[in-house]
Amino acid sequence: MARRSTKTPPPDDFEERILDIDVVDEMQGSYLEYAYSVIYSRALPDARDGFKPVHRRIVYQMNEMGLRPDRGYVKCARVVGEVMGKLHPHGDASIYDALVRMAQDFSMRMPLVDGHGNFGSLGNDDPPAAMRYTESRMAPAAMLMTESIDEDTVDFAPNYDGQEREPVTLPAAFPNLLVNGASGIAVGMATNMPPHNLVEVIAAARHLIRYPNADLDALMRHIPGPDLPTGGRIVGLSGIREAYETGRGSFRIRSTATIENVTARRKGIVVTELPFTVGPEKVIAKIKDLVGAKKLQGIADVKDLTDREHGLRLVIEVKNGFNPEAVLEQLYRLTPMEESFGINNVALVDGQPLTLGLKELLEVYVDHRFDVVRRRSEFRRTKRADRLHLVEGLLVALVDIDEVIRLIRSSENSADAKQQLMERFSLSEVQTQYILDTPLRRLTKYDRLELESERERLGAEIAELTRILESDAELRKLVSGELAAVAKKYGSERRTVLLESADTPVAAVPLEVSDDPCRVLLSATGLLARTATTDAFQYEDGKRAKHDVIVSAVPATTRGDVGVVTSAGRLLRLPVVDLPTLPESAAAPNLSGGAPVSEFVPLDEDEQVLCLSTLDESSPGLALGTEQGVVKRVVPDFPANRDEFEIIGLKEGDRLVGAVELRTGEEDLVFITDEAQLLRYPAGQVRPQGRPAGGMAGIKLGEGAKVISFTAVDPADDAVVFTVARAEGTLDGAVQASAKLTPFEQYPRKGRATGGVRCHRFLRGENGLAFAWAGAAPARACTAEGTPAELPERDPRRDGSGVPLKRPVAAVAGPV
């Protein structure tokens, strides 16, 4: 079966005509039409209201829909549908994208849409929800853009199908183009304008209104530079001046970052503001790529802690041994934490794309406001004049109301009544019709008074509007005053900091921390820190602070290691670079800025840190004393490839109660038991042993007695012994009774493994020592919380009784 043709045959009188057209001419003409359409109808903003057609149509249609800030939200899909169906002959995606951007406070310096729902995130890391889920209404700033649009302030033109009318531009009560900026790519040209501060822009516009011949320097005293919604820092201002002068230029935006202690062991770079249009995910991805390619050093971890309550917070942890300042400079140089913004002030002026400087942009806007206010004043004057004409006619009728009624009643019809009234009272047709339409209840004596008052008010308003229209100075004064009111009501503080150049010469800082000498300190409360100086602290009389009792201090270098000795007989290696640094201005040892030792070394339950060690093989080694009276000197032999060592073989149930690194080997070792026995003998009586050895007898203990203190004292020092008795009936010093501070020289030397001498006489109600310590003077004491505690005056009696304490003592230490 043959297939039937679907073509309609030409009519009998059809005459075929073929036109020969040069393809070059056709391409040029079509391309120019296309280019003009893109430039004028889609991509470039109008210099008067700062809007592209899609933004203008969205704001206008929302105003027509009554979506004001005091009304409820409606679905964005409804707004998009109204705009697309009535005004914008393009896809819904482009309309919704424009609406979303106008609702983002990180994209617009003054958002024009009040959005409800997910409208995306900085850098578009989290895309906005679909328009069927989000809701919106006009923001207060959008009301300023459409203010007085119904008073013939702007021209209207037919929409795409001629069935609706839309504004060619909006009245724009504030300079939207400069305040919110713009970006767009047309054919053969593009625009990219940064946002500015509303208060600064209006101040410049008012200055230009007052001084039309003002130069750029005068305007830049009011607008020193852009003010970005995301804050940050603009580095280098020469490009900004060039852009303000010629319409083209560039500047660099740098993130706002601070260096903080993000953990107990590490410093980090905390970023709270990123460059305009840059999101945290983009920065994180770039950092990970650079670290993976080994082009970026010193980064340990990156965390995005951004939330709605605290805003942007990007934490970049820096590896120990690297200068955070130098790492931050690398981040500025290699990642989007510092970006360049190219200014290209291309906007439409009378339908023509022009590149405008700052003054030209302000002039176009100011001229637009002059035109808007002039047309508004003319509209209002005309409206008031029309109303005054009616009021005057009604007042004429009220003067002889009886005659008016008689004429109306004697007339054949309404037309005859109108004609007689016009002839009798010399009224216009409009006035006569108004009189005929006015109900009798409006013709009372009270209404006459109201009409006379209204006539006076209308006359005054018309005179004022006429004065504005006839005086250029009054017009300028009115426009300037309205702009000042907008700035006062809607203005906000500047967010972006302007810098002539980089504020810190971080490029000169070495990337890795240098191996400088320092001292590592351990407080009585278990806090660790390092100082930038190797000088020893000396206790001085004066105001004390919390955590100022230092129980151990050893010299080290920044990139070196120190040892941590624990009560379990372990020595753990600790990198010094991990420790927080105390400020150089610290005049006395105070580890309030330190970090808990448990953050650096793993400790078992009931295991305590006793002292620090230098790990120096040339030192005399460590002296150790256990609760069961064992003493040991350890040879300083610690392999570099191990981080943990056992330095004494403890018997079951035994533990270290004291450990000290000997300085000369000539010190005296001191044991103090809970029975108030003190034994002192030279360290030379204890021969050094290897790490696995279990030590030797150090002191002879009575039945049930135990050692509560072990230390080493230099006989040449002015040393003291501090003892605190325990109240009878308590265990482990739960309640402290009397305390005594005795010169160390009162206690004679005895032989190793002997019982020693008595160091404290117990009073009634005391059954042993709760705490004891021996060391160089002056000594400092503290409570278990680290708060200062007072020590009693020195008592020369070797075995005397003590005096009551004001606060319980948990630790005592001498000079470090």
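Brief remarks follow.
- Yes/no for P127 being touching an Asp or Glu at 6+ places or on another chain (Cβ under 6 Å) and assigned to a loop (DSSP other than H, G, I, E, B): no
- Within the span defined as the range 692-707, every residue fails to be under 25 Å from P796 (Cβ atoms) and in a strand (DSSP E or B).
- Single unsatisfied condition, R132 versus (1) in a helix (DSSP H, G or I); (2) touching a strand residue (DSSP E or B) at 6+ places or on another chain (Cβ under 9 Å): (1)
- Filtering G629, G658 for residues that are within 55 Å of the chain's Cα centre (by Cα) and within 20 Å of E607 (Cα to Cα) leaves a single hit, G658.
- Summed over the range 173-211, the residues that are under 26 Å from the mean Cα position of the chain (by Cα), of a type in the set (A, V, I, L, M) and surrounded by fewer than 22 Cβ atoms within 10 Å (Cβ to Cβ) give a count of 1.
- Single residue of G594, G569, G563 found to be buried (at least 19 other Cβ atoms within 10 Å of the Cβ), in contact with an Asp or Glu (Cβ under 8 Å, 6 or more places away or on another chain) and either at pLDDT 85 or above or farther than 17 Å from D643 by Cα (or both): G569
- Of all the listed residues (R794, R798, R752), the sole one being at pLDDT 90 or above, surrounded by fewer than 21 Cβ atoms within 10 Å (Cβ to Cβ) and touching a helix residue (DSSP H, G or I) at 6+ places or on another chain (Cβ under 6 Å) is R752.
- Of note, A172 satisfies the criterion of being at positive phi, modelled with pLDDT of 95 or more and outside any strand (DSSP E or B).
- Only one of G279, G239, G225 that is touching a Ser or Thr at 6+ places or on another chain (Cβ under 6 Å) and either outside the structural domain of V577 (by TED's automatic domain parsing) or closer than 21 Å to L331 by Cα (or both): G239
- Filtering the range 765-788 to residues that are among the small types (G, A, S), surrounded by fewer than 20 Cβ atoms within 10 Å (Cβ to Cβ) and under 45 Å from the mean Cα position of the chain (by Cα) leaves only A784.
- Among the numbered conditions (1) within 30 Å of R241 (Cβ to Cβ); (2) surrounded by fewer than 18 Cβ atoms within 10 Å (Cβ to Cβ), the only one that V366 does not meet is (2).
- Failed item, numbered, when V565 is tested on (1) in contact with a Cys (Cβ under 6 Å, 6 or more places away or on another chain); (2) farther than 17 Å from R691 by Cα: (2)
- Those strands (runs of 3 or more DSSP E) of the range 249-352 in which 1 or more residues are of a type in the set (S, T, N, Q) and crowded, with 16+ Cβ neighbours inside 10 Å occupy 256-261, 267-273, 338-344.
- Breaking point among (1) more than 17 Å from D674 (Cα to Cα); (2) surrounded by fewer than 17 Cβ atoms within 10 Å (Cβ to Cβ), for V735: (1)
- One residue stands out in the range 401-422 among those that are more than 19 Å from E450 (Cβ to Cβ) and either in contact (Cβ under 8 Å) with a residue 24 or more places away in the chain or outside the structural domain of E454 (by TED's automatic domain parsing) (or both): the one that is surrounded by the fewest Cβ atoms within 10 Å (Cβ to Cβ), namely I408.
- The criterion of at least 2 residues that are farther than 22 Å from L521 by Cα is met by the following strands (runs of 3 or more DSSP E) wholly inside the range 709-816: 719-727, 736-743, 766-776.
- Evaluation of E456 against (1) more than 29 Å from R409 (Cα to Cα); (2) touching a helix residue (DSSP H, G or I) at 6+ places or on another chain (Cβ under 9 Å) (one fails), failing number: (2)
- Residues satisfying the stated conditions in the range 656-690, i.e. buried (at least 18 other Cβ atoms within 10 Å of the Cβ) and charged (D, E, K, R): E661, E667, D668, D674, E675, R680
- Flag if G162 is outside any loop (DSSP other than H, G, I, E, B), free of Cβ contacts under 8 Å to residues at least 12 places away in the same chain, over 33 Å from the mean Cα position of the chain (by Cα) and over 30 Å from E360 (Cβ atoms): no
- Condition check for T134: over 28 Å from P280 (Cα atoms) and assigned by TED's automatic domain parsing to the domain that holds V100: no
- Conditions (1) crowded, with 16+ Cβ neighbours inside 10 Å; (2) touching a Pro at 6+ places or on another chain (Cβ under 8 Å); (3) in a loop (DSSP other than H, G, I, E, B); (4) touching a residue at least 24 places away in the same chain (Cβ under 8 Å); number of the one not met by F119: (4)
- Pairs with Cβ under 7 Å, 6+ apart, first in the range 68-96 and of a type in the set (G, A, S), second assigned to a loop (DSSP other than H, G, I, E, B) and exposed (fewer than 14 other Cβ atoms within 10 Å of the Cβ): A77/R132
- Any hit, the range 487-507, residues being modelled with pLDDT under 95 and over 30 Å from I223 (Cβ atoms): yes
- Looking only at the range 214-228, and only at residues there that are in a loop (DSSP other than H, G, I, E, B) and of a type in the set (A, V, I, L, M, F, W, C), the one that is nearest to E242 (Cα to Cα): I223
The values are calculated or read from the model by the stated rules, or taken from the named source; none is laboratory data. The structure displayed is predicted, hence computed values, not measured ones. Reconstructed Cβ throughout: ideal geometry from the backbone, glycine too, with neighbour counts over all protein chains shown.
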